[in-house]
Amino acid sequence: FDPRHYLSTHCYGFPKTGPHRLRFLLESVKDLRETLKKKGSTLVVRKGKPEDVVRDLITQLGSVSAVAFHEEVREIL
């Protein structure tokens, strides 16, 4: 979870992530983790800037051969 998406991020005068969206995200992540656990896997969840968190995870794991990610689509006005 990138704190920049939850603290003082506004679009058109509204918070980017309000309480209802945050609840939905948390419940979705919890459900995904439980589903993966039933299949013998797990889900790593971290809070922080992705550029820092991913670097730290790669360092911690040591033998990472690939990293996949997506970038949020931003509106061009």
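The values are calculated or read from the model by the stated rules, or taken from the named source; none is laboratory data. Here the structure is a predicted model, which means the values were calculated and not measured. In this analysis, Cβ positions are derived from the backbone assuming ideal geometry, glycine residues included, and neighbour counts consider all displayed protein chains.
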Self-check item: Subset of the range 24-64 [modelled with pLDDT of 90 or more and in a loop (DSSP other than H, G, I, E, B)]
Solution: Lys39, Gly40, Ser41, Thr42, Leu43, Val45, Arg46, Lys47, Gly48, Lys49
Quiz prompt | Within the range 8-20, tally of residues that are within 19 Å of Glu71 (Cα to Cα) and either modelled with pLDDT of 90 or more or of a type outside the set (Ser, Thr, Tyr) (or both) | solution = 3
Practice problem: Keeping to the range 27-77, report how many residues are in contact (Cβ under 8 Å) with a residue 12 or more places away in the chain and under 18 Å from Pro3 (Cβ atoms). | Solution: 11
